[in-house]
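K.L.:
Here you go, one structure.
The values are calculated or read from the model by the stated rules, or taken from the named source; none is laboratory data. The structure displayed is predicted, hence computed values, not measured ones. Quick reminder, even Gly has a Cβ in these numbers, built from the backbone with ideal geometry, and neighbours come from all protein chains shown.
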């Protein structure tokens, strides 16, 4: 179903693209805000090319490392000056605003350079989750710093944290990763797209919120998977194309083995077969292909998985992995 603009005219093709929070940090030596902005500038070059080709675009982004930085600053400030800690939902809001600001500024500058009459805007986005989601009974998403066992046990007792030992690197706080149910600001996002804006929304999977018995919203100490939230957003907007930007040029089977094979195309049934064979790693490619399936099963037409620098070539059918319905 095509969206329409205010004059009742059919709009251009709509693409919803998810970019990773880790892709904004090239390596350990390039973590500063300025470094992240430089990475954003490189990424938006490819998104601006999509706009140049006639796409309307909605952008989502990861924020895992950035939330970690906010939590660490909060902890240092608490120790040094007795400042109050920043709740996890507020960390999500902070990073949505900061990363969104960088993306919209870089896009506006690139549009100016290319002579494209387009504007970008960020929507700080809440995403509803179910307070009865099983994920709240089994927190599994590590957030924040690494601690010694003694340090974290003290904090866990004081703050009510769930904790886990993380692959021999230390102890960390873990929170729930519930499934997204509703994009609260969807009407605003839709109207902004209809008005000609490139919209940055649902950063970090959105700020997790739950409803109480009276319908009031409140933040939840949780992390929503960015790709699942973007899939929901793309579905709600009736997007023509859902793009997942990741570290690899295409999806592989037998990944990192001598017989690895890059996939140009998969159907839903082929994707399910590869999932059942354990071809895609949890916490890496698996949630991306599952998000792609969710979009297609809810009426979406096509998902494209590729790296940011390969985006133009992937749109031209020269690389990337396209997933479609059977």
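K.L.:
When only residues in segment 104-127 that are in contact with a strand residue (DSSP E or B) (Cβ under 7 Å, 6 or more places away or on another chain) and surrounded by fewer than 19 Cβ atoms within 10 Å (Cβ to Cβ) count, which is nearest to residue 282 (Cα to Cα)?
P.N.:
So the residue we want is 121.
K.L.:
Specify the residue that is farthest from the chain's Cα centre (by Cα); the eligible residues are those in segment 158-188 that are modelled with pLDDT under 90 and either part of a helix (DSSP H, G or I) or buried (at least 18 other Cβ atoms within 10 Å of the Cβ) (or both).
P.N.:
Going through the qualifying residues, I end up with 158.
K.L.:
Quick one: is residue 205 in contact (Cβ under 8 Å) with a residue 60 or more places away in the chain, in the same structural domain as residue 55 (by TED's automatic domain parsing) and within 24 Å of residue 87 (Cβ to Cβ)? Give the derivation first.
P.N.:
Working: in contact (Cβ under 8 Å) with a residue 60 or more places away in the chain: yes; in the same structural domain as residue 55 (by TED's automatic domain parsing): yes; within 24 Å of residue 87 (Cβ to Cβ): yes.
Judged against the criteria, residue 205 is a match.
K.L.:
Next question. Are there strands (runs of 3 or more DSSP E) fully within segment 237-281 with at least 1 residues that are under 21 Å from the mean Cα position of the chain (by Cα) and either at pLDDT below 95 or surrounded by 14 or more Cβ atoms within 10 Å (Cβ to Cβ) (or both)? List them. Walk me through it before giving the result.
P.N.:
Values: elements: 241-245, 251-253, 261-263, 265-267.
Passing ranges, in order: 241-245, 251-253.
K.L.:
Among the residues of segment 208-221, is there at least one that is closer than 30 Å to residue 52 by Cβ, exposed (fewer than 15 other Cβ atoms within 10 Å of the Cβ) and touching a residue at least 40 places away in the same chain (Cβ under 8 Å)?
P.N.:
Going residue by residue through segment 208-221, those that are closer than 30 Å to residue 52 by Cβ are none.
No, there is no match, as no residue in segment 208-221 is closer than 30 Å to residue 52 by Cβ, exposed (fewer than 15 other Cβ atoms within 10 Å of the Cβ) and touching a residue at least 40 places away in the same chain (Cβ under 8 Å).
K.L.:
Considering each of 67, 16, 40, 57 in turn, give the residue that is assigned to a helix (DSSP H, G or I), in contact (Cβ under 8 Å) with a residue 40 or more places away in the chain and farther than 24 Å from residue 145 by Cβ.
P.N.:
Details: 67 fails: farther than 24 Å from residue 145 by Cβ; 16 fails: assigned to a helix (DSSP H, G or I); 57 fails: assigned to a helix (DSSP H, G or I).
Going through 67, 16, 40, 57 in turn, just one is assigned to a helix (DSSP H, G or I), in contact (Cβ under 8 Å) with a residue 40 or more places away in the chain and farther than 24 Å from residue 145 by Cβ: 40.
K.L.:
Here's something else I'd like to know. Return the only residue of 34, 48 being part of a helix (DSSP H, G or I), exposed (fewer than 14 other Cβ atoms within 10 Å of the Cβ), at pLDDT 75 or above and in the same structural domain as residue 225 (by TED's automatic domain parsing). Write out each step before concluding.
P.N.:
Values: 48 fails: exposed (fewer than 14 other Cβ atoms within 10 Å of the Cβ).
When all the criteria are applied, what remains is 34.
K.L.:
While we're here: Among the candidates 143, 209, single out the residue that is within 21 Å of residue 122 (Cα to Cα) and part of a strand (DSSP E or B). Don't jump to the end; show me each part of the working.
P.N.:
On the way: 143 fails: within 21 Å of residue 122 (Cα to Cα).
Only one candidate passes the filter, namely 209.
K.L.:
Return a yes/no flag: does segment 61-81 have any residue that is in the same structural domain as residue 225 (by TED's automatic domain parsing), surrounded by 22 or more Cβ atoms within 10 Å (Cβ to Cβ), touching a strand residue (DSSP E or B) at 6+ places or on another chain (Cβ under 6 Å) and under 27 Å from residue 143 (Cα atoms).
P.N.:
Scanning segment 61-81, I find at least one residue that is in the same structural domain as residue 225 (by TED's automatic domain parsing), surrounded by 22 or more Cβ atoms within 10 Å (Cβ to Cβ), touching a strand residue (DSSP E or B) at 6+ places or on another chain (Cβ under 6 Å) and under 27 Å from residue 143 (Cα atoms), so the answer is yes.
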